[in-house]
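Reading through the structure tokens given below for one structure.
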Amino acid sequence: MQYNFNEIEAKWQKYWAENQTFKAANGSDKPKFYVLDMFPYPSGAGLHVGHPLGYIASDIYARYKRHQGFNVLHPMGYDSFGLPAEQYAIQTGQHPADTTRVNIEGGKDKEGNVIEGYRKQLDRMGFSFDWGREVRTSDPSYYKWTQWIFIKLFNTWYNKVSDKAEDIKTLITTFEAEGNIIVSAICDADVPIFSAKEWRQYTRKRQEEILLKYRLTYLAESEVNWCPALGTVLANDEIVNGVSERGGHPVIRKKMTQWSMRITAYAERLLNGLEKIDWPQPLKDSQANWIGRSVGAIVKFKLLSATKDKISSLEPKPLTPKNFIEVFTTRPDTIFGVSFMTLAPEHDLVPMITTTEQKEEVESYIEATARRSERDRMSDVKTISGAFTGAYVEHPFTKEPVPVWIGDYVLAGYGTGAVMSVPCGDQRDYDFAKHFNIPIPNIFEGVDISLEAFADKDNTIIANSDFLNGLTYKEATGKVIAALEKIGHGEGKVNYRLRDAVFSRQRYWGEPFPVYYDEDGMPRMLDEKFLPLKLPEVKKYLPTETGEPPLGNATVWAWDTNNSAVVGTRLIDHKSVFPLELNTMPGWAGSSQYFNRYMDAHNEKAIFSQEAINYWQDVDLYIGGSEHATGHLLYSRFWQKFMFDLGLVPKDEFAKKLINQGMITGTSAFIYRLGHHPNVFVSKELVDAYQNEETKEDVLRQIQSVVGNTLKDLSFDKIHVDVDFVDASDQLDVIKFRNWQPEFKNAMFIPDRAPKLLREVEKMSKSKYNVVSPDAICTEYGADSLRLYEMFLGPLEQSKPWNTAGITGVHSFLKKLWKLYFDEEGLKDLKAEPSAENLKTLHKTIKKAKEDIENFSFNTSVSTFMICVNELTTQNCQSKSILESLAILVSPYAPHIAEELWEKLGNSTSISTVSYPKFEAKYVLESSKEYPISFNGKLRFTIELPLDMGKDEIEAAVLAHEKTRQQLQGRTPKKVIIVPGKIVNIVS
RNA sequence: GCUCGAGUGGCGGAAUUGGUAGACGCGCUGGAUUCAAAAUCCAGUGUUUUCGGACGUGUGGGUUCGAUUCCCACCUCGAGUACCA
């Protein structure tokens, strides 16, 4: 009987679907285990072999956990809002919902190409997903809950005292009773101070404006990253090297009114939370880096409004709210080294403090920096530029005047947008001072600063600094902060690099905000019971002529408050019918709580029931790509903590363990095309030989014999060849190549048979002809072979190249496995009692396979199975019990063949929940050991000795051995090292 | 520049606490089977050699009876980040 994988795989996929084998119940006597994959964006191009790597690993683990007796939740869904569907809609006019459905469920695209569909592709690989819990972020029944969370965020503020998010009502109550002086909140910087009386006298609009400054999602005019080519704003994590992550378009800074998420409220908790989750260190590092906590101080420098000559006569005046400049510094200990102050050119105070004499220079500098794009400014960090404002501030301790400059090395968006410049202690300040001839006072003990700044905190001893002299960095910092606080000129402060996240996108294919704008133009939330607010139909998916987002094209997009319904925009009267928000939410909105929604995916009354969330708690294992480190994975943690504060989820971290699977790259194939002879192709070997001086002439002659002797100098172009035309020996199938494209129809090859190709590892991409689809592999070798091979390639986390040729190794393993159970006639007569050898092989395998799977070392467990099958084949194992256990061991990796073997052995239920074989040490105990005998650390020979032999006996046995005497040649050993069970080393 | 990770045969990779380097697979070489091919099976396969051995895990040093593994310096590649005060 042959191993007919196509038939077997189709049969069991059908069986699993019909019997709902992998349906997970929300409650069970078994312990729970939640295995999650990052859900995919369903693109029209379909999956290539790189995509399922993580899914295969998580599926193996999920299946293993079922064998271990866990109730396993292993869901899958689609992150189906996004840019590609929208851009396709703009080009073709097709509704993104339609193309998205085709990409998932299959069908035809506009050109009539057959799209297989993600679901079918995934099904062919035999995943044990509980498809009954599928979610699609673009489905109104799903995004209803994304909108719901948005409303919750709007109705919440962050109380620093309780250190958590609280209902906005508690804030309003406080305002009404006591004003905001006693409120300690994470809010906008420009909140005015008011009393309860003042609050009550404010208009409703004024009150709303103030509350917006406290809400966890708020509308604010802010500087955003605007991408003109995409017509939308982008978040910081959507920009790579100053250009858009998608498409590589330039990005400029622009002021716009946008929804923002107050993620900064959670900065500290997001940072601390990293300590209790088992996530990859590089990923934690990059989140920590992104949050960018730095400890230092705020220092206030009083403004002196006069020119330098007159300052000395000025009377000292107390600080008032408007007459100082605030800086943030991590080195308050160097305050006596300040010789100037630098503001970002965009700093609010610049126009106010600039003197008439300096006005022209400052304005032209500001104009020049504004003209430079973000990218220019970033790529050119060496050019030093700046301008003097003419203004001075007063040093808080020395009372000396300090000149105020502006310079684009100071960023408006970090800290206070102003720095106290200490040229002796900071290289940027140093360079700036050198360039503009500003003095560089030295405040470090025994340090030469004639060439560069001294920034080594650990070896700092402060000098020339009044009361800080002789102190270390740490001592001086503490002392100076205390002194600043005492005179009211500053305080200790922790600063974060993390910015609030802009949450508006000028796009069509995203979640609509459940927001309308009232008669005052203030945002109001729809009542929860009217959700979902569905995306309106539009004629065009582009921005409107007046520059509004695509939803501006909708004719039915207004909120009728009398009837609680979406109505035509013509009816807007700002009395009872109001305009709805035209922006949509960003890509990460839908993915920030999807893992919790899976727990109760069809609940219409709540995002999930409390029973469901309390049962499943959190994700036990999450597998996905590292590219989401500072996007999805940070935002999801933020929303989880928010949900936790509201008491909606029991855990404030959503995933205990996370693994980043590596990328599978392609192995591109190239043939060399002869210069000036576009019809002639030369093998890699000949081109290599041509590069070698010794063989160059031979190659030249060989090529001349084909194309004529006129050719003296050879040149070669590398041409991509479809990897489908290449065999395991890297030889080209010339017939396939000639039929590939018309220009190759009459191609000639040197040598003319199976020329060797050059192979290089590159990212998989259509244009490189190195994309391999899992469907083709499933058809030719089967899903079980694909699964095994993806795991066998190497460690899960590592990036590694795909080469289809190698799959024959795991495929013939499966055939050998099959042959242990079947011969030509059918199932073998498996009545033999297991031999000691059989049991040893089996139990060795159980032990190793279990260890490997628990360490996520899937590549080595595949080797273990190969060794096991090779041994059992040699042993001619005919024991049913051994072969039953083997089928279970293999089943997480190659589930189809395992089910078939299991059934043919006479079992009537699925193998998927059978308990894992138990390792028993007694079967693998050895009585003797082949001891390696080394002399001075170098292995010479081995001797077999009983394992229970003691050190002394071993020494005696080894020294008595004839080969030992040969090695020693009469010398006496100086030392004999014996590690029982391991090695013997003789030093002589 | 900074942070993190990695360098092992022709290739993917293995070696669990420092203890027989190269498991397993691909490829390659030879053989069996076949009219032939595919498939299958058997043997070999780090380099070198005077067939005793010698040399071998990016480079140079160190610790150790013993180092792919630990320490120091350097080189190369990859990922992230980038004027963060």
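Laid out as a table, the results:
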item	result
Qualifying residue in segment A:647-659 (condition: under 30 Å from A:F856 (Cα atoms), away from RNA strand B (no atom under 16 Å from the Cβ), among the aromatic types (F, W, Y) and at pLDDT 90 or above)	yes
Failed item in (1) more than 30 Å from A:F129 (Cα to Cα); (2) open to solvent by less than 60 Å² (accessible area, probe 1.4 Å); (3) in contact with a helix residue (DSSP H, G or I) (Cβ under 6 Å, 6 or more places away or on another chain), with A:R940 passing the rest	(2)
Top-ranked residue of segment A:624-669 - restricted to ones that are buried (at least 20 other Cβ atoms within 10 Å of the Cβ) and closer than 30 Å to A:K756 by Cα, ranked as nearest to the chain's Cα centre (by Cα)	A:I664
Extreme residue, farthest from A:P345 (Cα to Cα), among residues of segment A:415-435 that are open to solvent by 10 Å² or more (accessible area, probe 1.4 Å) and more than 9 Å from RNA strand B (Cβ to nearest atom)	A:K434
Residue in segment A:693-703 that is more than 16 Å from RNA strand B (Cβ to nearest atom), open to solvent by less than 50 Å² (accessible area, probe 1.4 Å) and closer than 30 Å to A:V771 by Cβ present	no
Unique residue being more than 7 Å from RNA strand B (Cβ to nearest atom), among the β-branched types (V, I, T) and modelled with pLDDT under 95 when the list is A:T873, A:T808	A:T873
Which numbered condition A:P774 fails, given (1) away from RNA strand B (no atom under 16 Å from the Cβ); (2) surrounded by fewer than 21 Cβ atoms within 10 Å (Cβ to Cβ)	(2)
Meets criteria (surrounded by fewer than 22 Cβ atoms within 10 Å (Cβ to Cβ), over 25 Å from A:E9 (Cα atoms) and over 39 Å from the mean Cα position of the chain (by Cα)) for A:E833	yes
Given (1) within 15 Å of RNA strand B (Cβ to nearest atom); (2) open to solvent by less than 50 Å² (accessible area, probe 1.4 Å); (3) modelled with pLDDT of 90 or more, number of the condition A:N838 does not satisfy	(1)
Flag if A:A783 is away from RNA strand B (no atom under 15 Å from the Cβ) and at pLDDT 95 or above	yes
Scan of segment A:525-566 for residues that are open to solvent by less than 50 Å² (accessible area, probe 1.4 Å), free of Cβ contacts under 8 Å to residues at least 40 places away in the same chain and of a type in the set (F, W, Y), ordered by number	A:W557
Residue list for segment A:176-224, restricted to those being surrounded by 12 or more Cβ atoms within 10 Å (Cβ to Cβ), assigned to a strand (DSSP E or B) and without any contact (Cβ under 8 Å) to a residue 40 or more places away in the chain	A:A185
Identity of the residue in segment A:250-264, among the hydrophobic types (A, V, I, L, M, F, W, C) and in a strand (DSSP E or B), that ends up surrounded by the most Cβ atoms within 10 Å (Cβ to Cβ)	A:M261
Pairs, first closer than 12 Å to A:V862 by Cβ in segment A:786-801, second near RNA strand B (Cβ under 7 Å from one of its atoms) and part of a strand (DSSP E or B), C-beta under 6 Å, six or more apart	A:L793/A:K800; A:G794/A:K800
A:D29, sole failed condition from (1) open to solvent by 40 Å² or more (accessible area, probe 1.4 Å); (2) of a type in the set (D, E); (3) at pLDDT 95 or above	(3)
Residue match in segment A:62-75 (condition: under 16 Å from A:P774 (Cα atoms) and either of a type in the set (G, A, S) or without any contact (Cβ under 8 Å) to a residue 40 or more places away in the chain (or both))	no
Positions within segment A:880-939 being part of a loop (DSSP other than H, G, I, E, B) and within 16 Å of RNA strand B (Cβ to nearest atom), in sequence order	A:Y893, A:A894, A:F919, A:V924, A:L925, A:E926, A:S927, A:N936, A:G937
Qualifying residue in segment A:866-878 (condition: of a type in the set (S, T, Y), open to solvent by less than 10 Å² (accessible area, probe 1.4 Å) and either over 23 Å from A:I8 (Cβ atoms) or out of contact with any strand residue (DSSP E or B) (no Cβ under 9 Å at 6 or more places or on another chain) (or both))	no
Counted residues, segment A:770-793 - those being aromatic (F, W, Y) and either under 25 Å from the mean Cα position of the chain (by Cα) or not in a loop (DSSP other than H, G, I, E, B) (or both)	2
Tally of residues being near RNA strand B (Cβ under 7 Å from one of its atoms) and either more than 32 Å from the chain's Cα centre (by Cα) or farther than 24 Å from A:D733 by Cβ (or both) across segment A:794-805	5
Enumeration of residues in segment A:735-769 that are within 16 Å of RNA strand B (Cβ to nearest atom) and over 39 Å from the mean Cα position of the chain (by Cα)	A:I735, A:K736, A:P751, A:R753, A:A754, A:P755
Hits in segment A:509-518 (condition: surrounded by fewer than 19 Cβ atoms within 10 Å (Cβ to Cβ) and touching a helix residue (DSSP H, G or I) at 6+ places or on another chain (Cβ under 9 Å))	A:D518
Hits in segment A:940-972 - residues which are touching a strand residue (DSSP E or B) at 6+ places or on another chain (Cβ under 8 Å) and either in a loop (DSSP other than H, G, I, E, B) or under 23 Å from A:I846 (Cα atoms) (or both)	A:L947, A:H961
Unique match (being β-branched (V, I, T) and within 16 Å of RNA strand B (Cβ to nearest atom)) among A:T710, A:T667	A:T667
Test: residue in segment A:851-861 that is open to solvent by 40 Å² or more (accessible area, probe 1.4 Å), assigned to a helix (DSSP H, G or I), farther than 23 Å from A:K815 by Cβ and near RNA strand B (Cβ under 8 Å from one of its atoms)	yes
Failed item in (1) open to solvent by 40 Å² or more (accessible area, probe 1.4 Å); (2) out of contact with any helix residue (DSSP H, G or I) (no Cβ under 7 Å at 6 or more places or on another chain); (3) within 12 Å of RNA strand B (Cβ to nearest atom), with A:N442 passing the rest	(3)
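So that you can scan it fast, the table gives a plain yes or no per residue for (1) surrounded by 22 or more Cβ atoms within 10 Å (Cβ to Cβ); (2) part of a helix (DSSP H, G or I):
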residue: A:R570; (1), (2): no, yes
residue: A:K575; (1), (2): no, no
residue: A:P579; (1), (2): no, no
residue: A:A589; (1), (2): yes, no
residue: A:F595; (1), (2): yes, yes
residue: A:Y598; (1), (2): yes, yes
residue: A:E604; (1), (2): no, no
residue: A:A612; (1), (2): no, yes
residue: A:L621; (1), (2): yes, no
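The values are calculated or read from the model by the stated rules, or taken from the named source; none is laboratory data. Keep in mind that what you see is a predicted model, and the values were worked out from it rather than measured. As a convention, Cβ positions derive from the backbone with ideal geometry for all residues, glycine included, and neighbour counts pool all protein chains shown. Please note that ligands, DNA and RNA were not included when accessible areas were found on the heavy atoms of the full protein model with its side chains. Shrake-Rupley method; radii C 1.70, N 1.55, O 1.52, S 1.80 Å.
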